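The values are calculated or read from the model by the stated rules, or taken from the named source; none is laboratory data. Bear in mind the structure is a predicted one, so any value in this text is a computation, not a measurement. In this analysis, Cβ positions are derived from the backbone assuming ideal geometry, glycine residues included, and neighbour counts consider all displayed protein chains. Surface areas here come from the heavy atoms of the whole protein model, side chains and all, with no ligands, DNA or RNA. Shrake-Rupley method; radii C 1.70, N 1.55, O 1.52, S 1.80 Å.
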Amino acid sequence: MIHPTALVSPAAQLGERVTIGPFTVIHGDVQIGADTTIGSHCEIGTPTPRAEGRPLVLGAHTTIRSHSIFYAGSTFGDGLVTGHRVTVREGTRAGSHLQIGTLSDLQGTCTIGDYVRFHSNVHIGQLSTIGNYVWIFPYVVLTNDPHPPSNVMRGVTVHDYAAIATMSVVLPGVVIGRGALVGAHSSVGRDVAEDTVVAGAPAKPICPTHELRLKDGSGRPAYPWRRHFHRGYPDEVVQAWLAEFGGAGPEIT
Amino acid sequence: MIHPTALVSPAAQLGERVTIGPFTVIHGDVQIGADTTIGSHCEIGTPTPRAEGRPLVLGAHTTIRSHSIFYAGSTFGDGLVTGHRVTVREGTRAGSHLQIGTLSDLQGTCTIGDYVRFHSNVHIGQLSTIGNYVWIFPYVVLTNDPHPPSNVMRGVTVHDYAAIATMSVVLPGVVIGRGALVGAHSSVGRDVAEDTVVAGAPAKPICPTHELRLKDGSGRPAYPWRRHFHRGYPDEVVQAWLAEFGGAGPEIT
Amino acid sequence: MIHPTALVSPAAQLGERVTIGPFTVIHGDVQIGADTTIGSHCEIGTPTPRAEGRPLVLGAHTTIRSHSIFYAGSTFGDGLVTGHRVTVREGTRAGSHLQIGTLSDLQGTCTIGDYVRFHSNVHIGQLSTIGNYVWIFPYVVLTNDPHPPSNVMRGVTVHDYAAIATMSVVLPGVVIGRGALVGAHSSVGRDVAEDTVVAGAPAKPICPTHELRLKDGSGRPAYPWRRHFHRGYPDEVVQAWLAEFGGAGPEIT
């Protein structure tokens with residue numbers, strides 16, 4: 001299952017049924033869970049003094065696609081799935097079932113919950129704190145320096161179920177509330193209240209999220225999205241969401 | 001012409017005079033036209049169930065630069081040229097002479113005409129429909145989900161000769177008219193009329209494109225660009241354009 | 001120090017103590033200074049007719065991280081440090097101690113001073129002229145075509161000590177003055193005066209930079225940043241900066 005051209009350090013700890021693609025380099029400070037697939041042309045466990053001796057820990061059932069780079073010194077729960085050319089620096093602590101899209105760049109020293117989904121080309125600055133079931137869409141940047149360049153760093157916080165649409169910047173220290181929605185192409189300089197839509201540059205509150213309607217002819221509210229969007233979540237989670245909303249019916253497809 | 005370190009599946013169908021660079025992987029479900037060059041560190045024909053058994057078809061005279069990734073299940077006409085680190089997912093159907101710049105990310109399930117040019121770091125969402133002679137500049141995102149995350153998908157349509165300038169977002173379902181120009185750093189939420197300039201976030205109509213003047217001292221209109229910009233287009237196309245405008249004179253250089 | 005899987009042209013000129021990582025390709029038109037480390041999966045010295053026979057020249061003490069691509073025909077002073085997946089085209093002339101972040105894309109034919117720092121995913125268009133001690137943050141694009149597509153090209157000029165914050169576009173021909181600050185998510189269409197903050201789309205002058213205060217409780221001005229931010233600069237430079245400001249005290253950490 002390890003391609004003959006792959007370079008796997010004898011010090012790396014590989015679980016059962018691990019597949020490593022061609023021309024991939026696995027360094028020594030790496031623990032890879034069972035049933036994991038790593039694509040071609042990756043560099044996994046890149047050494048850095050800033051990892052401070054901590055290994056890269058990948059859970060079971062991980063999929064890392066080609067040309068990705070993971071440094072030593074980060075920890076991921078089970079079920080991580082990445083696109084291609086992902087870069088993940090040291091000090092990233094992520095829960096289970098994280099998805100990281102193609103070209104995304106996690107700068108490290110950050111905390112990420114369970115079932116978080118980063119779409120393509122997302123930039124997660126250091127000191128970011130991201131809850132569970134968060135969605136971040138392409139070309140979003142979470143910043144941390146209030147007056148660049150400086151040594152003052154204030155991370156962004158994104159609470160559970162929030163969604164940040166494409167090409168938005170979240171400025172240093174901003175807190176995005178639970179279930180909030182940041183519209184596309186926004187620049188968010190102030191905290192966003194729970195279940196609130198903000199948009200614009202600078203972003204301003206627009207309305208409660210439940211006032212947005214699904215553009216599927218149903219007239220039903222588009223948020224909270226967990227009422228109707230269930231793709232890829234486990235049954236027990238979906239059942240809990242349906243119970244929360246009185247069993248709002250099947251997923252729209 | 002195939003580098004000894006390249007891994008080429010015996011099932012791959014290669015035309016005459018095909019060059020494959022070092023450390024490149026060519027999977028089996030691939031048909032590559034004659035006179036094609038593929039650079040180093042690429043992965044070509046990545047398998048996916050969503051390709052549904054369809055191969056990757058590359059036309060003749062294709063150039064794919066290093067570190068690029070093409071999935072199985074897409075079709076390109078002759079003369080495709082890419083930059084580096086391009087990612088192209090399954091279900092892309094493109095005409096001839098497409099150019100895709102470095103870092104661009106085509107999410108697949110889209111239709112692209114002839115002589116389309118994507119500059120660097122363009123993100124083409126699924127269900128996009130792009131005409132002929134279209135230009136899309138760096139960090140432009142074509143979206144498709146009107147209330148993310150959801151299962152409702154509405155692709156963007158870009159008609160012939162339109163140009164979308166850098167760092168602009170086109171929102172789901174928007175139609176960009178023939179020959180229109182989207183200014184840099186815009187967020188386009190409404191359809192754009194033919195030969196019209198829009199700009200801003202949200203983008204608003206500014207003027208007809210012909211009112212913009214070339215900044216070359218000539219005082220001539222900057223649009224339609226095909227009146228004066230001819231680099232890389234075939235003679236017969238350029239002659240037709242010149243005839244359309246009464247033989248407006250030689251290209252500005 | 002050269003990994004056995006690396007492909008190094010016998011024509012390449014390597015200084016002493018040069019390390020080349022696995023699966024990296026070094027072409028012939030390359031001169032690499034002493035004490036340099038090049039990571040895995042790179043392509044260095046990519047040939048192009050537009051290099052016009054000029055080699056790629058890398059100074060001493062260079063670090064190029066994995067998956068990076070440098071064309072022939074560019075020159076860098078000592079101490080270049082890059083992130084991963086950097087792309088640098090021909091005709092780039094850079095001073096010493098340049099830093100180029102992960103995913104950044106230098107289109108070539110540009111001039112860059114000493115101690116310039118590009119963060120991740122910066123796009124430097126052709127004909128850009130960048131001074132010394134300049135900072136450019138993620139997803140910033142320096143453009144050059146005033147009416148795309150055209151053959152009229154006007155590069156951006158960025159003077160010493162200026163900083164351009166994330167997700168900003170600088171439009172063709174714009175001059176960013178010495179010590180100026182461009183706020184995040186801005187679109188800069190007019191020249192920016194020295195030591196001035198601009199922000200917005202279109203960007204407008206906000207205040208002199210010294211009116212911004214450090215968010216560290218000190219109440220001291222956040223700019224000029226060289227008064228308090230010294231990480232990675234040589235002692236003699238820092239001493240000169242401190243003398244300029246009357247010995248403003250130690251760096252904030």
Sole miss for B:Val198 among (1) in contact with a Pro (Cβ under 9 Å, 6 or more places away or on another chain); (2) part of a loop (DSSP other than H, G, I, E, B); (3) farther than 15 Å from C:Asn151 by Cβ is condition (2)
Only one of these conditions is not met by C:Leu80: (1) within 13 Å of chain A (Cβ to nearest Cβ); (2) within 12 Å of the chain's Cα centre (by Cα). Which number is it?
(1)
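In region A:166-183, what residues are open to solvent by less than 20 Å² (accessible area, probe 1.4 Å) and either over 17 Å from A:Thr111 (Cβ atoms) or within 16 Å of the chain's Cα centre (by Cα) (or both)? Full working, then the answer.
If we filter region A:166-183 for residues that are open to solvent by less than 20 Å² (accessible area, probe 1.4 Å), which is where we start, we get A:166-170, A:174, A:176-177, A:179-183.
A:Thr166, A:Met167, A:Ser168, A:Val169, A:Val170, A:Ile176, A:Gly177, A:Gly179, A:Ala180, A:Leu181, A:Val182, A:Gly183, listed by residue number.
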Of all the residues that make up region A:201-237, how many are within 25 Å of the chain's Cα centre (by Cα) and part of a helix (DSSP H, G or I)?
8
Within region B:137-151, which residues are open to solvent by less than 30 Å² (accessible area, probe 1.4 Å) and over 17 Å from B:Cys110 (Cβ atoms)?
B:Phe137, B:Pro138, B:Tyr139, B:His147, B:Pro148, B:Pro149, B:Ser150
Which of the residues that make up region A:35-61 are assigned to a loop (DSSP other than H, G, I, E, B), crowded, with 18+ Cβ neighbours inside 10 Å and within 14 Å of chain C (Cβ to nearest Cβ)?
A:Gly39, A:Ser40, A:His41, A:Cys42
Determine which single condition B:Gly217 fails, assuming it passes every other condition in (1) over 30 Å from A:Ala199 (Cβ atoms); (2) buried (at least 17 other Cβ atoms within 10 Å of the Cβ).
(2)
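Considering region A:154-165 alone, what residues qualify as being within 14 Å of the chain's Cα centre (by Cα) and open to solvent by less than 40 Å² (accessible area, probe 1.4 Å)?
Step one: list which residues in region A:154-165 are within 14 Å of the chain's Cα centre (by Cα), which gives A:156-165.
Within region A:154-165, A:Val156, A:Thr157, A:Val158, A:Tyr161, A:Ala162, A:Ala163, A:Ile164, A:Ala165 meet the criteria.
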Residue within region A:239-250 that is modelled with pLDDT of 95 or more, part of a loop (DSSP other than H, G, I, E, B), surrounded by 14 or more Cβ atoms within 10 Å (Cβ to Cβ) and not assigned by TED's automatic domain parsing to the domain that holds A:Trp135 present:
no
How many residues does region A:13-34 contain that are within 20 Å of A:Gly108 (Cβ to Cβ), in contact (Cβ under 8 Å) with a residue 24 or more places away in the chain and either hydrophobic (A, V, I, L, M, F, W, C) or surrounded by fewer than 18 Cβ atoms within 10 Å (Cβ to Cβ) (or both)?
3
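Quick check on region A:48-66. Is at least one of its residues among the β-branched types (Val, Ile, Thr) and more than 22 Å from A:Ala6 (Cα to Cα)?
If we filter region A:48-66 for residues that are among the β-branched types (Val, Ile, Thr), which is where we start, we get A:48, A:57, A:62-64.
Checking the rest, the ones that are also more than 22 Å from A:Ala6 (Cα to Cα) come to none.
No, because not a single residue in region A:48-66 is among the β-branched types (Val, Ile, Thr) and more than 22 Å from A:Ala6 (Cα to Cα).
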Residue in region B:136-159 that is among the basic types (Lys, Arg) and within 14 Å of chain A (Cβ to nearest Cβ) present:
yes
Please work out if B:Val134 is under 19 Å from B:Thr62 (Cβ atoms) and open to solvent by less than 30 Å² (accessible area, probe 1.4 Å).
no
How about region B:184-198: which of its residues are within 13 Å of chain A (Cβ to nearest Cβ) and buried (at least 24 other Cβ atoms within 10 Å of the Cβ)?
B:Ala184, B:His185, B:Ser186, B:Ser187, B:Val188
